[in-house]
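The numbers here are math on the coordinates, done by the rules we state, and not lab data. What you see is a predicted model, and the numbers here were worked out from it, not measured in a lab. All Cβ positions, even for glycine, are placed from backbone atoms using ideal geometry, and neighbour counts span all protein chains on display.
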Amino acid sequence: MQILRSSILFLSFSFLVFFSSASSSAPENFLQCLLRHSPPSYPIAPAIFTPNNASYSSVLETYIRNLRFNTSTTPKPFLILTALHESHVKVAILCARIHNLQMKIRSGGHDYEGVSYVSDVVPFFVLDMFNLREITVDAKTETAWVQTGATLGEVYYRVAEKNKSYGFPAGVCPTVGVGGHFGGGGYGNMMRKHGLSVDQIIDAKIIDVNGKLLDRKAMGEDLFWAIIGGGGSSFGVVVAYKIRMVRVPERVTVFRVQRTLEQNELTEIVDEWQQVAHVIDNDLFIRVTFDVVNGTDKEKKTLRATFIALFLGDSGRLLFVINNSFPKLGLKKSDCIEMSWLQSVLFWTNFPLEYYT
Ligand SMILES: Cc1cc2nc3c(=O)[nH]c(=O)nc-3n(C[C@H](O)[C@H](O)[C@H](O)COP(=O)(O)OP(=O)(O)OC[C@H]3O[C@@H](n4cnc5c(N)ncnc54)[C@H](O)[C@@H]3O)c2cc1C
């Protein structure tokens, strides 16, 4: 009996040693797999960062946009691959499959829950897309190929750089990444006129679980639908999206006005905004946010509403629209600022006017 118990103990121990050494060597085997299988024409070594590398922390943290997920107890990747070429994406997928390792794909790192760089399943690695951020605009067809490591701000800049009358409807925060944003729909201040970002996406390139690079035709309409907001999951690594640019006026108008409960009929103003915001002229988008501020009597707090707007037209027409449909706001000519659409992106991001007007 004693012998049997010892044998069982020995066997259990052997299994433990076997499995723990097998799993602890998976990251090392994965690293070797990357080095062995990537094409020599695109060396992968400079794209690999492990905790032994002096730049590991800065590479990891640069795109951590939610500091709740940057604590000493947050699980960290055993490796970050900052792909320099599509072939690196392919080899990452294939080696992850061979070694059964969890891969996290990160573009702009703006996921609210940090799912692009944190994992409950360990060990895991991050495939970072920030080096794949090329934007190629074709003025003739009014389209552009955008690699998913680009930010929305870069898309806006490159599109408007080609022609001041080009724009693109997407989110208001320019540091959000194309990869996650387009994959989830993408709404912004031109959505009333031009819809979501995905309404203007006409093609894509994805590397699937078998390491195959597929465009829209090759992947089929179901998968294409899934990677432009249709599916709440991961279907492969999207390398680039092809977008259709939209036309914007050379001058647009913006305003930011504030009203308080103490000094204005704020309840009535907000009520009117609720009645009209979705039916008003669709060149106009008005967002309202609330905060609590000191009243005129410092002892008392009051509610403040900030109305921020983008109007795809000049200030004269904007005043006409507001006076007809939203008169309670009491908008004045002096509240309105005309600028290019690209400048309006900075206005919406709260950049001080003196930097760009
Ligand atoms: C400050 C802030 C402002 C925002 N403003 C807006 C807004 O105005 N409008 C709006 O619609 N949304 C907005 N969002 C939400 C934002 O669009 C989403 O969180 C989006 O998923 C972020 O994309 P990302 O590439 O930056 O994030 P990431 O964290 O890099 O990725 C998000 C998700 O997409 C996956 N993913 C990333 N790249 C790829 C790829 N190449 N292939 C496959 N999967 C990929 C990741 O694995 C992860 O699951 C905002 C978020 C923040 C934090």
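Residue 141 meets each of the listed conditions (1) within 14 Å of the ligand (Cβ to nearest atom); (2) hydroxyl-bearing (Ser, Thr, Tyr); (3) assigned to a loop (DSSP other than H, G, I, E, B) apart from (1).
Given the criterion in contact with a strand residue (DSSP E or B) (Cβ under 6 Å, 6 or more places away or on another chain) and closer than 30 Å to residue 287 by Cα, identify the matching residue among 197, 165. Break it down into steps so the answer makes sense when it comes.
Details: 197 fails: in contact with a strand residue (DSSP E or B) (Cβ under 6 Å, 6 or more places away or on another chain).
Checking each option against the conditions leaves just 165.
Residue 228 meets each of the listed conditions (1) more than 16 Å from the ligand (Cβ to nearest atom); (2) under 28 Å from residue 163 (Cα atoms) apart from (1). For segment 71-100, filtering for residues that are closer than 26 Å to residue 204 by Cα and of a type outside the set (Gly, Ala, Ser) leaves 14. The residues listed here are 70, 66; of these, the one that is surrounded by fewer than 21 Cβ atoms within 10 Å (Cβ to Cβ) and closer than 21 Å to residue 150 by Cα is 66.
Across segment 204-243, the number of residues qualifying as touching a residue at least 40 places away in the same chain (Cβ under 8 Å) and under 16 Å from residue 155 (Cα atoms) comes to 5.
Annotation: of all residues in segment 265-284 being part of a loop (DSSP other than H, G, I, E, B) and among the charged types (D, E, K, R), the one that is surrounded by the fewest Cβ atoms within 10 Å (Cβ to Cβ) is 265. Filtered by the rule that a residue be surrounded by fewer than 16 Cβ atoms within 10 Å (Cβ to Cβ) and out of contact with any helix residue (DSSP H, G or I) (no Cβ under 7 Å at 6 or more places or on another chain), segment 231-264 gives 231, 232, 233, 234, 247, 250, 256, 258, 263. Being within 14 Å of the ligand (Cβ to nearest atom) and in a loop (DSSP other than H, G, I, E, B) holds for only one residue in 116, 72, and it is 116.
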